[in-house]
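For reference, the structure discussed in these notes is given below.
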Amino acid sequence: MNTLPQQLANGLLLGSMYGLIAIGYTMVYGIVQLINFAHGEIFMTGAFGALTVYFYILPDGTSMALAVPLMLLGGAIVAILIAVGAERFAYRPLRGAPRLAPLITAIGLSLALQEVVRNFYPGADRARAFPGLDTTHDIGSVTIKDADIFLILAAVLCMAALALFVRRSRTGRAMQATAQDPDTAQLMGIDTNRIIVIAFAIGGFFAAVAAVAYGLKYGNVDYRMGFLMGLKAFTAAVLGGIGNIYGAMLGGVVLGIAETLASAYIDEIPGMSQLGGQSWANVWAFCLLILVLLFRPQGLLGERVADRA
Amino acid sequence: MTETTKPPAPDAVPTPPALRGLIPLPAAAARALLLAGGIATAASAFLAWTWTAEFPGDLTINGYPGGLQWLTFTAGVLTALFALASYGIRGLGWLLPARNNAPLVLTALGGFAVTWFTVIAISAELGGVVNLEPGGWIAAIASLLPLLGAFALPQEKTGTDGTKAALKAYIAKPDRIPAPQATSGWVQRAVITAVTIIGLGVFTYGIDTEYGELFVGYLFVVTFAMWALHTAGLLDRFSQLIAANRSFTLAMGFAAAIAFPFTQTDDHYANIGVNILIFGTVALGLNIVVGLAGLLDLGYVAFLGVGAYTAALVSGSEFSTISGVHLPFWASALAGAAASLVFGVLIGAPTLRLRGDYLAIVTLGFGEIFRIAVNNMDGDSGPDVTNGPNGIANIPDLNLLGFNFGQAHDIGGFTLGRFANYYLLMVLIMAIVVLVYTRAADSRIGRSWIAIREDETAATAMGINGFRVKLVAFALGAALAGLAGTVSAHVTYSVVPTPYQFAGSTPPNSAFLLAAVVLGGMGTVAGPLLGAALLYLLPEKLVFLQDKSLLAFGIALILLMRFRPEGIIANRRRQLEFHETGQLDVPKQTTLTDEPAVTKAGA
Amino acid sequence: MRQRSLVILTSVLTTGALTLTACGSRDDSGDKSGDSGATTLTIGVDAPLSGENSTTGLGIQYGAQIAVDDANKNNWVPGVKFKLKALDDKAQPATGQSNATTFTGDKTAVGAVGPLNSGVAQTMQQVFASANMVQISPANTAPELTQGKNWQTDKKRPFKTYFRTATTDELQGSFAAGYAYNGLKKKKAFVVDDKQTYGAGLAKIFNEQFKKFGGKVVGTDHVNTGDKDFGSLVTKIKNSGADLLYYGGQYDESALITKQLKDAGVKIPLFGGDGMYASTYIEAAGKAAEGDLVTAIGVPADTLPAAKQFIQTYKDKGYKGDYGAYGAYAYDATTAIIKAVKAAADANGGKVPTDINDLRSKVVDGVQKSDFEGLTGKVSFDQYGDTTNKQLTVYQVEKGAWKAVETGTPDDLQ
């Protein structure tokens, strides 16, 4: 049996999730040059927001067709509130501070958010079941389930909407202007504080979409789910060219496929039999990143902002 | 940093009669209240505060303070001392050179904070205020008195702006501190010696605190006392003393570090000490990379790991894959440092051409690659090198010139346990690292690093080979971490992959190392050491919060950065930059705020 | 003026020094005054109590807590009150070692229970050995810890103060292999582990033993703890035609693997070790867990009244964490220490020896001679410090709950 189509599908699905989370990193970075390391935890709180809607707000037995949009809404509200709150109360006061200060804040925020969920969300000290969309479909040699279809649809729709928003809307263009030159943008009457808040909010929304897709796909969520996903998404954002929203999605997909293929096939290469399998997959993913950066230091699609290192 | 937000004062010590305090009281009454309150606070420590010894420290005995009561006592005495100094008592004038209110307010606040914290902790832990004896109530009231007195002192600016501005004025450092009288060299040295001894005592007390409540109280008192000394201008005076007697201070510092294990009877505290030193040494190495050269390294702990694994492999442990090889310590230390150096160059050479945050992600990737690789190299899912997750265990103790580090030794009546031995070895290594750091920082290459950090383009234009000096910084930092790693392998008897991760809940990991550098103060020697000590002790002492300890720690990180973003010990140069807009180190984002670019920190 | 300020400075210094020394002396006397009624002895617990692994770690802490409460309530050792001192090692070796020095430095501590992770145990063993203080791990399974590096050929006990109530990977892996081949009649296994000491060790033994029985291992893979997506692995398993997946590791990952496996249409059971034996596994995996199996030490808990009582107490007290995996082992480990203290007291005319070092060494001897019925069966230790309890039980998920399907020793399934 040829497993390649299935493995490519696995990689594409994983990568779409990375891409959705990476949008948050890349938008914030593009505008304030801040690596929001707590973004993975914003993704995590989005999942718990959605879980709350399903278990504590909706009546038992609500059909998934109705529940999923409401869960998206609940997750998005929580994630956006936390993202915007973090910006307002943790990052904004540090805007004039040394470059590394926000990084430490992000580490602290990350720990605090994880611990708040673990301590105060009922049953969150271990994995909590999440409703799934588990009906499977066989398309040729590829098996996918409803949750996978949801993920792909959500990723495509969200990307299209974001592209339209950034290109066409007034706020979107203000955003581009701020990313290119904040001083001039401000002089032109753009409220840059508002733009930054919006960037955080969009990141939070995309994280919540990814979180709901994650829950539907894997069937459970836990308070540590954001850490590794956040790290991978950040990698994806850099791989694609940080600051570039298309780059974030492309970086995510490339990273997801690379990881999956490495995990699946590296051990079949003669002489590499011991260096394959899932436990080495991250190593190959990072090697790919380093290689790409060596030959294309601005990432796959290039940065959108002027290099101001 | 608050002082910079104030416009320059017209002149020092103007005392127009219109001045009044926040709380309407005659000045004399306010001062008397302050003094009496300080004494009362100190005295209240001698009463029984609660009825049961359930609360740690046994605060049930009249006439003999215990645990947190000693901290209240200390704060009360400090308040009283400053109050006396404000009366102009001869001999105490040096405590308050600028005759400002801030030290009085802050010491009073310290006493208030520690006393109320204790009283609240008693009520919370034992379930209700009924657990307070009258003494507890008296202490709570007594510690409130000096605070009232302090805020009744006449102060400029009250009544003009809002209450917030008035409160700020109370704790502001004056713009000008009268210059101290010239003192002779031996007096200066005596003062430095005395301060070192007090410092060692205070630090030792902090490490030895047996329960978390005591440590929190200790942090209150120390923070407010240091803040008070800072606003009194005494810290500035002391820095001048240090600047004038550099090598003497350094020697005293190391003497104090060496003295630490001799003050301990329990090897546990030496164990904490050696872990802090290892963590601090690595943080200092990272400071070269981050603080001096301005390269953001998110995978630095891997170099510690390379050193530790190298030392373990040549230690003669039966679990080592090259068992039978048993190098003496000097050779394995060099091997560990050299291996780290090689890895540093290997990683740095291709990636240091990248700018800014791209380097961050590459180093993060390298850190993860290292951890995953050592976890897999067990002959099953990789080459047989590191024993994978089992690690290399049973690493024998060091034996230097017949001195076995694994055994307790009696030296001049003091017993030095196993960890005290390693502690002293780490002090030596720390001395080497500090030496390398200071020599490098003051040298030609150190200035190149700073130039690169400030503006790479300009530095390159001036003829600095940016790539080469960055590579030197990277390799040097790596080698120092590797050196610390060789000792850590012997201290813990084994090396396993788990500690060498990007972020975790306990040091060392790359995120904590970076936090130690930034928290303590980038580009300084003492900063990362202090940051490391704080980051090591906080999680260790917060265990009384049980499963909320990590939460508290996370919040503490956020708050520390919020109020002191340039670190506890700020580099002079950095502090200046931080408070001037338009400088290159302050990124362009500053213009995005509507508020003035200076932070509201300290508010 | 200058001189006077120096005088004041000196006096402040002296006061400060006196303060510090006074503080020290008071603490010592404080301990003594607390002894008026009964002697208080401390039993240490070291486990990860926060962050990763904390659910399992808290199960160890509260398992030990219940044992201490039982001892105090029933006055097992007359005149002695036991106190539990639980420290968090955060699954980090250096922290575990620091906790070990806390215990050995505590002049009321007689023994310690823990840790969870074998990597942490390695750094603690020597500390306890130097202090001649007993350490019983309820969870470590690496054979090297008790039988030395060459445990397969030349068993040699490295530390005589280290014991464990958990069984070694060797027994559990062999038992699982035997049951898979002879009981379940599975012939083609896919073996996965999480590259941790526990999981990798278990998977390795299973792999060897399963082949020895005549089964075929059609594929192996390793995952990382914290991984969430196992799509690639699942496709590999599907393609391999395996009829059983053996997983060495904890439930965090295996619950996700079994779910993704069944969702992909691969309806083969997942078989694991006692690290997965918890209700959380079933809750997290949902319906996908149905038919999955684990091995766990001892006879089924519901056949022993004491074990039922333990589970009831744990639930009634509302303790956090998961007692399923190691709570009962922790209870037995703590009880072994308490019984050893009692033996030391009995030999000393009903009073515990006052010299702590004497007491500690007697407790080490006492634990070595342990012989009582615990929650997991008979508790006693062989010459290496391993439990002699070789009873293992296979549990299977049936209608959303673990159900015992086979009990025996590895030899029964040869």
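The values are calculated or read from the model by the stated rules, or taken from the named source; none is laboratory data. Everything quoted here is computed from the prediction, not taken from an experiment. Note: ideal-geometry Cβ built from the backbone for every residue, glycine included; neighbour counts use all protein chains shown.
Can you say whether residue A:256 is touching a residue at least 60 places away in the same chain (Cβ under 8 Å) and at the interface with another protein chain (Cβ under 10 Å from one of its Cβ atoms), as far as the supplied structure shows? It is true that residue A:256 is touching a residue at least 60 places away in the same chain (Cβ under 8 Å) and at the interface with another protein chain (Cβ under 10 Å from one of its Cβ atoms). For the residues B:272, B:288, B:276, the requirement of being assigned to a helix (DSSP H, G or I) and either surrounded by fewer than 19 Cβ atoms within 10 Å (Cβ to Cβ) or away from chain C (no Cβ under 14 Å) (or both) singles out B:288.
Checking every residue in the range B:290-298 against the condition of being more than 24 Å from residue B:407 (Cβ to Cβ) and either aromatic (Phe, Trp, Tyr) or free of Cβ contacts under 8 Å to residues at least 12 places away in the same chain (or both) gives zero matches.
Given the structure, is residue C:204 charged (D, E, K, R), surrounded by fewer than 22 Cβ atoms within 10 Å (Cβ to Cβ) and either touching a Pro at 6+ places or on another chain (Cβ under 8 Å) or touching a residue at least 12 places away in the same chain (Cβ under 8 Å) (or both)? First the steps, then the outcome.
Working: charged (D, E, K, R): yes; surrounded by fewer than 22 Cβ atoms within 10 Å (Cβ to Cβ): yes; either touching a Pro at 6+ places or on another chain (Cβ under 8 Å) or touching a residue at least 12 places away in the same chain (Cβ under 8 Å) (or both): yes.
Yes: the conditions hold for residue C:204.
For the residues B:393, B:360, the requirement of being closer than 20 Å to residue C:199 by Cβ, within 8 Å of another protein chain (Cβ to nearest Cβ) and either within 32 Å of the chain's Cα centre (by Cα) or not basic (Lys, Arg) (or both) singles out B:393.
In the range C:142-154, is there at least one residue being in contact (Cβ under 8 Å) with a residue 60 or more places away in the chain and either at negative phi or away from chain A (no Cβ under 14 Å) (or both)? Please lay out each step first, then the result.
Step one: of the range C:142-154, the residues in contact (Cβ under 8 Å) with a residue 60 or more places away in the chain are C:146-147.
Next, only the ones that are either at negative phi or away from chain A (no Cβ under 14 Å) (or both) stay: C:146-147.
Within the range C:142-154, one or more residues are in contact (Cβ under 8 Å) with a residue 60 or more places away in the chain and either at negative phi or away from chain A (no Cβ under 14 Å) (or both).
The set of residues from the range C:58-105 being under 17 Å from the mean Cα position of the chain (by Cα) and aromatic (Phe, Trp, Tyr) comprises just one member, C:62.
Contact map, the range C:223-239: residues that are within 7 Å of chain A (Cβ to nearest Cβ) and of a type in the set (Val, Ile, Thr) paired with residues that are outside any helix (DSSP H, G or I) and surrounded by fewer than 24 Cβ atoms within 10 Å (Cβ to Cβ), Cβ distance under 6 Å, separation 6+ or inter-chain. Pairs shown: C:235/A:3.
May I ask you to say which residue of A:261, A:255, A:293 is within 30 Å of residue A:129 (Cα to Cα) and touching a Phe, Trp or Tyr at 6+ places or on another chain (Cβ under 7 Å)? Show your work before the answer.
Working: A:261 fails: touching a Phe, Trp or Tyr at 6+ places or on another chain (Cβ under 7 Å); A:293 fails: within 30 Å of residue A:129 (Cα to Cα).
One residue alone meets the criteria, A:255.
Restricted to helices (runs of 4 or more DSSP H) entirely inside the range A:142-236, those with at least 3 residues that are in contact (Cβ under 8 Å) with a residue 60 or more places away in the chain and touching a helix residue (DSSP H, G or I) at 6+ places or on another chain (Cβ under 6 Å) are A:146-168, A:170-180, A:192-218. For the range C:120-164, the set of residues classified as under 12 Å from residue C:384 (Cβ atoms) and assigned to a helix (DSSP H, G or I) consists of C:144, C:145, C:146, C:147, listed by residue number. Return yes when residue B:374 is farther than 20 Å from residue A:232 by Cα, in contact (Cβ under 8 Å) with a residue 40 or more places away in the chain, crowded, with 22+ Cβ neighbours inside 10 Å and not hydroxyl-bearing (Ser, Thr, Tyr) and no when it is not. So residue B:374 passes the test.
I'd like to know if the range B:94-116 contains one or more residues that are in a loop (DSSP other than H, G, I, E, B), touching a residue at least 12 places away in the same chain (Cβ under 8 Å) and of a type in the set (Ser, Thr, Tyr).
Applying the first criterion (in a loop (DSSP other than H, G, I, E, B)) to the range B:94-116 yields B:96-101.
Filter once more, keeping what is touching a residue at least 12 places away in the same chain (Cβ under 8 Å): B:96-101.
Retained after the next criterion (residues that are of a type in the set (Ser, Thr, Tyr)): none.
Scanning the range B:94-116, I find no residue that is in a loop (DSSP other than H, G, I, E, B), touching a residue at least 12 places away in the same chain (Cβ under 8 Å) and of a type in the set (Ser, Thr, Tyr), so the answer is no.
May I ask you to verify whether residue B:52 is farther than 28 Å from residue B:167 by Cα, in contact with an Asp or Glu (Cβ under 8 Å, 6 or more places away or on another chain) and either modelled with pLDDT under 90 or in a helix (DSSP H, G or I) (or both)? Answer is no for this residue. Of all the listed residues (B:493, B:536, B:500), the sole one being of a type in the set (Ser, Thr, Tyr), outside the structural domain of residue B:447 (by TED's automatic domain parsing) and closer than 25 Å to residue B:418 by Cα is B:536.
For the range B:436-445, the set of residues classified as more than 24 Å from the chain's Cα centre (by Cα) and either assigned to a helix (DSSP H, G or I) or over 20 Å from residue B:465 (Cβ atoms) (or both) consists of B:444, B:445, listed by residue number.
Among the residues of this structure, residue A:98 counts as one that is in a loop (DSSP other than H, G, I, E, B) and under 29 Å from residue B:561 (Cα atoms). With respect to residue C:63, determine if the residue is in contact with a Pro (Cβ under 9 Å, 6 or more places away or on another chain), touching a residue at least 12 places away in the same chain (Cβ under 8 Å) and within 12 Å of chain B (Cβ to nearest Cβ). So residue C:63 fails the test.
Just give me the residues in the range A:126-140 being touching a helix residue (DSSP H, G or I) at 6+ places or on another chain (Cβ under 7 Å), closer than 15 Å to residue C:260 by Cα and more than 8 Å from every other protein chain (Cβ to nearest Cβ), in sequence order. Across the range A:126-140, the qualifying residues are A:130, A:131, A:133, A:135.
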